[in-house]
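Colleague: My questions will all concern the structure given below.
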Amino acid sequence: MASVKIKVDGREIAVEKGTNLIEAAKNAGVAVPHFCYHPGLPVVGVCRICLCELEGRPKLVAGCATQVEEGMHVITRSAKVADARRAVMEFLLIHHPLDCPMCDKGGECTLQDYTMLMGPARSRFKFEKITWPEEDVGGKLVLNKNRCILCMRCVNLCKEVAGLDEIAVLSRGEQTYIGTVDGRKIENELAGNIADICPVGALTSKDFRFRARPWELTNVSSVCPHCSKGCNITVGYHPRRNEILRITARTNMDVNQWWICDRGRGGFHFLHDPKRLLAPARAANGTSRPVPWKQAILDIAQALRDIIVRHGARAVGVVGSGTLTNEECYLTRAVFKDGLGVSNVDFPPRPQPEVAYKKFTIEGDKDPNARGAALCGVAPGASGLGVRDMMRAAAEGTIKALVFLRGGPLDLFGDPAIVERALQKVDLLLVVDFVPSPVSDRAHWVLPGVTFAEKEGTFTNSNGRVQRIRKVLTIRGDTREDWRILQDLGQALGVLPVTDPDPERIFLRLAQAVPAFSGLSYSTVGELGAPIAAATADVAVG
Amino acid sequence: MLSPEARQRIESLKTVYETNQSALIPALHVAQADQGWLSEETQREVASILGLTAQAVRQVVTFYTMFQQKPVGRHLIQVCRNLSCSLLGGQKLQKQIQDKLGLEDGETTQDGRFTYLSVECLGSCGTAPVLMVNDRYYENVTPQQVDRLLEELK
């Protein structure tokens, strides 16, 4: 791409041809204010706050709608620019209510920030402000038109990213407003992004509004666990309440650009499910009683050993999960396949209908780490059985012990009648999960694992990108990270000579054992992830 | 429901413009001439003939004051409320018409004879004050002319 030389406030830089002044200035370390401009949306040039001066030209130009030209000198700070921007601010604030203290956007509002930055501090408008009632527009959003500055980001997100004309600019002049038509609601599953990109408090998230002030939240980078796309997210966590209050999109141009879908955005309430499994439990004769971890691990190891001694490793079936991390999948293989010689190791696929919007696809695989699970060796070994065959074998009595690293509905693992028979018939049924399920309800042993927000680790998305999830919440009750549970079991079984104190070191071991991960570490994976080795990308090991 | 003739005319407009979006305003004029005003149902009909979304049509209908979103009387009286007309007695004309017909801005008489609207500039400042009845302009209007006009229009 050809580049041109320009000056921004006297500083010379080279930028790509076709770049607009806002992005060019950003390259020069200069922030040009903007409301309507968004790098992921078409340029509409309606807010006028990005006005810049070009040396030698009498009139100011909109930074968003003007492209760089060779030799251009862009002036973003001058009396003329400041005057123009102050005037734009005054217009934008004419009908805007002074309700920042009770507006959910307060503290992360562009209009509030710019008002503090460039004023005016007082309004000269002495007439009655236009007011509108609040409105539910669907998409889990609440519309407060009083605060709207008509930047059209919401309209263009629906139109250009979702590809659906669901919200429009209506009427004209000072009566102009945004709204839906014919009483219809916004239905696309990307609408939640509107709450992220609305520069004011006009469209706020129904799920998050009034739950906390943004400055009360600690923001942690993580990865969405709801499909194989691996969208980058920011988890907003309230430390004092030990509670996650929202999930927002985190920009990663190689994965999800600026967006996430509403399933991921709202998909954290299960973390705070009151039915969470909180202590190891042994079930016998229709009752379940808690057992201390140490005892539970020893007893389970003993029971497994007994079965292997009596019936061989072929009598054991291990059902892994594409929702567990690469580190945990690696441990699944290290403990059961490499350690105990179990070849019946597999995990059930969890397909869902793919939803392809104009510029964003919700993928057809619910598991965030199916690719990683396969690469790490959670797959049948030599003459080993897949999940469905394991259920059949257990129902027939040849498999005596079943280990589920995640439960689920019976039909996830095969014909429900066969699965039911299998679960009833085995001598040992161990389930590791964080919520009860029809599988854990039938288990002899239940060990409480944790969710994606309570542990460190990595997922490999469908495109082969390794990305980190982070521990956000303090572990509740007597639960334990799944990687810890697997290591504890491996130790008690005598098949894991060394254990690691954290997933970072497990990952290094994994990177040595699995060619696809060769050379990777948490530092090379970083904030935005790293691709697995291309040459070995599709070779599963195990 | 649009008449078959109106439908036909809108269909033929599709061949005149490069995109159907461009045919929207002429199509809405045809629909309004046919129906007297543009109900949500009429707007949806136009949208479906032109293959546009309901939103695309609504944006245009709500933007232009020449498109009526409520039923109007046989005679739609629009009086200019901008500067030149106001300086030359436009506001008095507005009050005179409203008092005589007993209408607030935007209302229609019970018998469906008149609808009164105050509007922005009608583009004829040189002959202010100006009013329009349906498609016809009345310029340099005096109070006497208004009285006569309201009598004559049946």
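The values are calculated or read from the model by the stated rules, or taken from the named source; none is laboratory data. Keep in mind that this is a model prediction, so the values were computed, not measured. Cβ: placed from backbone, ideal geometry, glycine included. Neighbour counts: every protein chain shown. We work out accessible area using only protein heavy atoms, side chains counted, and drop any ligands, DNA or RNA first. Shrake-Rupley method; radii C 1.70, N 1.55, O 1.52, S 1.80 Å.
Colleague: List the relative contact order of chain B as a percent without decimals, with contacts defined as Cα pairs under 8 Å and 6+ residues apart.
Modeller: It comes to 18 percent, rounded to a whole number.
Colleague: For region A:436-481, what does the alpha-carbon gyration tensor say about shape, rounded, prolate or oblate, given a ≥ b ≥ c as the root eigenvalues, a/c under 1.5 as rounded, and a/b over b/c as prolate?
Modeller: Working: a/c = 3.70, a/b = 1.56, b/c = 2.37.
Oblate is the answer for region A:436-481, as a/c is 1.5 or above yet b/c matches or exceeds a/b.
Colleague: To continue, here is another question. Between rounded, prolate and oblate, where does region A:3-93 land on the alpha carbon gyration tensor, with a ≥ b ≥ c its root eigenvalues, rounded for a/c under 1.5, else prolate if a/b exceeds b/c?
Modeller: Oblate is the answer for region A:3-93, as a/c is 1.5 or above yet b/c matches or exceeds a/b.
Colleague: Considering amide H positions built from the backbone, and no H for Pro or chain starts, which residues 5 or more places from A:Gly457, or on another chain, come under 5 Å of its amide H?
Modeller: It is A:Ile469, by chain and number.
Colleague: Leaving out ligands, DNA and RNA, what percent of the accessible area of chain B is carbon and sulfur, probe 1.4 Å? List each step's numbers first, then the result.
Modeller: On the way: 4250 of 8340 Å².
Roughly 51 percent, rounded to a whole number.
Colleague: While we're looking at this one, here's another question. Once each part is reduced to its C-alpha centroid, what is the distance from region A:248-277 to region A:440-482 in angstrom?
Modeller: Here the two parts' Cα centres lie 15 Å apart.
Colleague: Quickly estimate the mean residue ellipticity at 222 nm for chain A, helices only: each DSSP H run with n ≥ 4 gives -39500 (n - 2.57), and the total goes over all residues, rounded to 500.
Modeller: On the way: 15 runs with 128 residues, N = 542.
My calculation for chain A gives -6500 deg cm²/dmol from helical runs alone.
Colleague: What does the charge add up to near A:Asn146, with Lys and Arg as +1, Asp and Glu as -1, over the other residues with Cβ less than 10 Å from its Cβ?
Modeller: Spelling it out: positives minus negatives among the neighbours equals +1.
Colleague: Just to be sure I understand: if I project the alpha-carbon convex hull of region A:395-467 onto a plane and average over all orientations, what area do I get in nm²?
Modeller: That works out to 6.0 nm².
Colleague: Related question: Using a Debye calculation, one point per C-alpha and no hydration shell, please list log10 I(q)/I(0) for the protein assembly as shown at q = 0.08 Å⁻¹ in order.
Modeller: Per q value, in the given order, log10 I(q)/I(0) is -0.80.
Colleague: Rg/Rh for region B:75-153: what does it come to with C-alpha atoms and Rh from Kirkwood?
Modeller: When Rh is taken as the Kirkwood radius, the ratio is 0.93.
Colleague: I've got another one for you. So what are the ³J(HN,Hα) numbers for region A:75-90, from phi and the Karplus equation (6.51, -1.76, 1.60; θ = phi - 60°), rounded to whole Hz, Gly and Pro as x?
Modeller: My calculation for region A:75-90 gives 10, 9, 10, 8, 4, 5, 5, 4, 4, 5, 5, 5, 5, 4, 4, 4 Hz in order.
Colleague: Give the distance, in whole Å, between the Cα centre of region A:122-193 and the Cα centre of region B:117-154.
Modeller: 37
Colleague: Exceeding 20 Å between C-alpha atoms, which entries from my cross-link table qualify? They are B:Lys70/B:Lys92; A:Lys105/A:Lys359; A:Lys185/A:Lys206; A:Lys59/A:Lys129.
Modeller: B:Lys70/B:Lys92; A:Lys105/A:Lys359; A:Lys59/A:Lys129
Colleague: Now for a different question. Output wanted: per-residue J couplings in Hz (rounded whole) for region A:505-511, from phi through Karplus 6.51 cos²θ - 1.76 cosθ + 1.60, θ = phi - 60°, x for Gly and Pro.
Modeller: 7, 4, 4, 4, 4, 4, 5
Colleague: Also, I was wondering about something else. Based on alpha-carbon positions alone, could you give the equivalent ellipsoid semi-axes of region B:16-75 from the gyration tensor, as √(5λ), descending, whole Å?
Modeller: 19, 11, 10
Colleague: Another one. Determine the per residue accessible area of the protein assembly as shown with all protein chains present and a 1.4 angstrom probe, expressed in square angstrom.
Modeller: Using a 1.4 Å probe on heavy atoms only, each residue of the protein assembly as shown averages 45 Å².
Colleague: Is the shape of region A:118-187 rounded, prolate or oblate, going by the alpha carbon gyration tensor and its root eigenvalues a ≥ b ≥ c, with a/c under 1.5 for rounded and a/b larger than b/c for prolate?
Modeller: Because a/c hits 1.5 or more and a/b exceeds b/c, region A:118-187 counts as prolate.
Colleague: Let me ask another. Find me the longest stretch of chain A that has none of the exposed chymotrypsin sites (Phe, Trp or Tyr not before Pro), where exposed means in a DSSP loop (not H, G, I, E or B) with at most 13 other Cβ atoms within 10 Å.
Modeller: Segment A:211-542 is the longest.
Colleague: Taking GluC sites (Glu not before Pro) as candidate sites, keep only those in a DSSP loop with at most 11 other Cβ atoms within 10 Å, then name the longest stretch of chain B containing none of them.
Modeller: On the way: sites that count: B:Glu18, B:Glu104.
Between the exposed loop sites, the longest stretch runs B:19-103.
Colleague: I've got another one for you. Please list, or write none, the aspartates and glutamates whose alpha carbon is within less than 13 Å of the alpha carbon of A:Lys425, excluding same-chain residues fewer than 8 places away.
Modeller: Result set, ordered by chain and number: A:Glu396.
Colleague: Net charge within 12 Å of A:Glu327 by Cβ-Cβ distance, Lys/Arg positive one each and Asp/Glu negative one each, not counting A:Glu327 itself? Write down the numbers at each step before the final one.
Modeller: Values: positive: A:Arg333, A:Lys455, A:Arg468, A:Arg484, A:Arg505, A:Arg509; negative: A:Glu328, A:Glu456, A:Glu481, A:Asp482, A:Asp500, A:Asp502, A:Glu504.
Summing Lys and Arg as +1 and Asp and Glu as -1 gives -1.
Colleague: Then there's this: How much net charge surrounds A:Ala394 when only the other residues with a Cβ under 14 Å from the Cβ of A:Ala394 are counted, with Lys and Arg +1 and Asp and Glu -1?
Modeller: Around A:Ala394, the surrounding residues sum to +1.
Colleague: Report the A-B buried area as the accessible area lost on both sides summed, probe 1.4 Å, in Å² to the nearest 100.
Modeller: In total, this chain pair buries about 1000 Å².
Colleague: What would the Debye equation give as log₁₀ I(q)/I(0) for region A:319-464 at q = 0.14 Å⁻¹, counting only Cα atoms as equal point scatterers?
Modeller: Normalising to I(0) and taking log10 leaves -0.66.
Colleague: Next question, about the same structure. Just need the relative contact order of region B:75-153 here, percent rounded to a whole number, with Cα pairs under 8 Å and 6+ apart.
Modeller: Relative contact order, region B:75-153: 38 percent.
Colleague: Taking amide hydrogens as modeled 1.01 Å from N in the peptide plane, which residues meet the under 5 Å criterion relative to A:Leu51, leaving out close sequence neighbours?
Modeller: A:Gly63
Colleague: Please report, as a whole percent, how much of the solvent-accessible surface of region A:317-471 comes from carbon and sulfur atoms (probe radius 1.4 Å).
Modeller: Looking at region A:317-471 in its full context, I get 50 percent from C and S.
Colleague: Still on this structure, I have one more. Within region A:4-99, report the GluC sites (Glu not before Pro) that DSSP leaves as loop and that have at most 14 other Cβ atoms within 10 Å.
Modeller: Details: sites: A:Glu12, A:Glu16, A:Glu23, A:Glu53, A:Glu55, A:Glu69, A:Glu70, A:Glu90; in loops: A:Glu55, A:Glu69, A:Glu70.
Passing both the DSSP loop test and the Cβ count: A:Glu55, A:Glu69, A:Glu70.
Colleague: For chain A, what is the relative contact order in percent, using Cα pairs closer than 8 Å and at least 6 residues apart in sequence?
Modeller: It comes to 11 percent, rounded to a whole number.
Colleague: What are the ³J(HN,Hα) couplings of region B:18-26, residue after residue, when phi is run through the Karplus curve with 6.51, -1.76, 1.60 and θ = phi - 60°? Round to Hz, x for glycine and proline.
Modeller: 5, 10, 5, 4, 5, 7, 5, 5, x
Colleague: Starting from the amide H of A:Asp433, placed 1.01 Å from N in the peptide plane, find each other amide H under 5 Å away whose residue is 5 or more places distant or on another chain.
Modeller: Amide H neighbours of A:Asp433: A:Leu447, A:Gly449.
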